[in-house]
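The values are calculated or read from the model by the stated rules, or taken from the named source; none is laboratory data. Values in this document were obtained by computation on a predicted structure and should not be read as measured data. Methodologically, a virtual Cβ is constructed for each residue, glycine included, from the backbone with ideal geometry; neighbour enumeration extends over all protein chains shown. The protein model used for the area step is the full one, side chains on, heavy atoms only, and it has no ligands, DNA or RNA in it. Shrake-Rupley method; radii C 1.70, N 1.55, O 1.52, S 1.80 Å.
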Amino acid sequence: MLKPIFASTRCLLCVFVLYLNTMYAQERHRPAYHFTPPKAWMNDPNGMVYYAGEYHLFYQHYPDATVWGPMHWGHAVSTDLVHWQHLPIALYPDSLGYIFSGSAVVDWHNTSGLGKNNEPPLIAIFTYHDMAAEKRGATNFQSQAIAYSHDKGRTWTKYAGNPVIPNQGIKDFRDPKVSWDNIHQQWVMVLAVQDHVEFWVSSNLLQWQYASSFGKTWGAHGGVWECPDFFMLQDPSTQQTRWVLLSSINPGGPNHGSATQYFIGDFDGNVFQLDKKFEESLQRNKAIWLDHGRDNYAGVTWSDVPKEDGRRIFLGWMSNWDYANQVPTDTWRSANTLPRTLALVATKQGYRLASLPVKEVKKLFLPQKYEARAIQLKSDKPFEPALTFAPTLSVVTLRFDVPQQPQGELIIEFSNTQKEVYTVGYDLVNKQFFSNRIKAGKNDFSTDFAKQIHVAPRILDTKTIELQVFFDVSSAELFADKGTINMTELFFPATPFTKIQIMQTHGTSHVQYFAIQPLKGAF
Ligand code: FRU
């Protein structure tokens, strides 16, 4: 009597194990604390706005495949920027086109007249991309439109008067980022237009006037400009304010493909003008990059973060158009970067932008942190910490002295039992940070995913360097020199990276501090 039951239980167990294996294979490489769509394709973050205790995150989404397709706005909310709740799709394509990237604001004073019951409406401003018109050979297939919500972003109504900015025949005319300019008491929209941005202004979000253009003769021009952002930041030491313009560009990034450049200057309500020192830097360097890694694109910042909080919080799409459609994940594609706080840093070459992970990420820190101090790293002797946990989800901190006569490279090496390695570190001779994923796992899905080592020249010249790297299964985010250097990179190891060590290639380095902070997943 017992035997058949036992056999069928065993059989059930087998099916269950098989199911788990399949699930593992399908979910392989999915980050544990970075935002990913529940299934299918995601690209740019969109419509980021804070309202009634919730951070809204919308995103470019194609729910029917793991490759780019007819664009919708996916939706999620969070109360802490770390834990996210997935919500139903917010905007669907319609007869005017696909729903391309854009922004959202709280219309606090109901300037649009679209509010109801004394509640400010949420207004989303996005680009319609009319695919049929593009296929017909038209040039005016992108226009700007709005939608509004009366229920905290849960449902949206498209405005009957769309588009609010029609197109006069410019092929690349998209990605409106709108904010309230408190100084000039107006709504400002920054729009990506081929090789530059345009500023548009409005009093009611419905009627817009063209104000000016910027960028034709400044910055990188290896590709089309996309997904701009425009906001003010205050220098904490002088209380001076500056306007920051972000502009993503594809291709033409510092290490190939997609990347985001920035500009710092002033805005008189119509025209954006570069700071003198920033202008001089651009004459020398062509472009100043927000992130030198290959996987931080189309990032913009949250609107309406409360004044008491005061942060300017950025989120990027952790991929690159060079290979986004080919990365080896099965049921979903793409993640976002960690949310980052942006700040102005005064340097000898003028203001620079610093990005550091939001403080809420500390919620994920587990108690058993590894710490070591005063390590003399010699070229023939890697230092391997005795860990009681796998560093697959971790933050590695390294603080070291820059020697009088710099030699070699200081490397953090991450590896697995398959001998796959990812390295990130600092080249003391060439004064640049680097990220090397050439041997970090699967890379045959694209010819240029892992062709070369990616580098980021140092901006500061202090005698001590501190860097932090956030690892999450298949990504590393480097934050160095107070956040002035960022490198965000993906990799796809066959099995998780479980070993970590630091090493010096030539000469000796004095490591003041080395720590590995394990993290728990957020989902
Ligand atoms: C940037 C981008 C945007 C566009 C969207 C389409 O990654 O090309 O310019 O609105 O993606 O999905």
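Relative to one another, the C-alpha centroids of segment 111-126 and segment 368-384 are positioned 56 Å apart.
Inter-label distance, residue 157 to residue 279: 4.8 nm, where each label sits 7 Å from its Cα along the C-beta direction.
Could you tell me which of rounded, prolate or oblate describes segment 343-462, using a ≥ b ≥ c as the square roots of the eigenvalues of the alpha-carbon gyration tensor, with rounded for a/c under 1.5 and, failing that, prolate when a/b is larger than b/c and oblate otherwise? It is rounded, given that a/c, with a ≥ b ≥ c, falls under 1.5.
Here is how the number arises for the chain: DSSP H runs of 4 or more residues each give -39500 (n - 2.57), the sum is divided by the residue count, and the result at 222 nm is -2500 deg cm²/dmol.
Shape call for segment 186-248 from the C-alpha gyration tensor, a ≥ b ≥ c root eigenvalues: rounded (a/c under 1.5), prolate (a/b greater than b/c) or oblate? It comes out oblate by the Cα gyration axes.
Solvent exposure of segment 412-523 amounts to 36 Å² per residue of accessible area, where only protein heavy atoms count and the probe is 1.4 Å. Taking a cut-off of 36 Å, what percent of all Cα-Cα pairs in the chain are separated by more than that? In whole percent, the long-distance tail amounts to 33. Residue ranges 225-236, 382-393 sort as 225-236, 382-393 when ordered by packing (mean number of other C-beta atoms within 10 Å per residue, highest first). For segment 261-330, the relative contact order comes to 24 percent (Cα pairs under 8 Å, sequence separation of at least 6). Leaving out ligands, DNA and RNA, what percent of the accessible area of segment 365-518 is carbon and sulfur, probe 1.4 Å? So the carbon and sulfur contribution to the accessible surface is 51 percent. Normalised per residue, the accessible area of segment 235-321 is 36 Å², obtained with a 1.4 Å probe and no contribution from ligands, DNA or RNA. Phi-derived couplings, Karplus 6.51 cos²θ - 1.76 cosθ + 1.60 at θ = phi - 60°, listed residue by residue for segment 297-313: 10, 6, x, 9, 10, 6, 8, 6, 5, x, 4, 4, 7, x, 7, 10, 10 Hz, with x used for Gly and Pro. Ranked by the mean number of other Cβ atoms within 10 Å of their residues, highest first, the peptides 201-208, 304-311 fall in the order 201-208, 304-311. Based on Cα contacts under 8 Å between residues 6+ apart, segment 420-523 shows a relative contact order of 20 percent.
Taking 0.36 nm per residue of sequence separation and removing the Cα-Cα distance, the residue 27/residue 464 pair yields an extension gain of 153.3 nm.
Oblate is the label for segment 278-372. Its Cα gyration tensor axes, ordered a ≥ b ≥ c, give a/c of at least 1.5 and b/c at or above a/b.
A simple spin-label model places the labels of residue 404 and residue 212 5.1 nm from each other, with each point 7 Å out along Cα-to-Cβ. Protection proxy ranking of 110-120, 39-49, by the mean of other Cβ atoms within 10 Å over each peptide's residues and highest first, is 39-49, 110-120. Near residue 51, the amide H atoms lying under 5 Å from its own belong to 56; only residues 5 or more places off or on other chains count, and H is placed 1.01 Å from N. Would you mind pulling out the separation of the Cα centroids of segment 492-515 and segment 47-82, in Å? If we compute the Cα centre of each part, the gap is 35 Å.
Considering only the Cα atoms of segment 404-447, their convex hull presents on average a projected area of 3.9 nm². Relative contact order for the chain: what percent, with Cα pairs under 8 Å and sequence separation of 6 or more? Relative contact order of the chain: 14 percent. For segment 38-175, the Kirkwood hydrodynamic radius comes to 15.4 Å, computed from all pairs of different C-alpha atoms.
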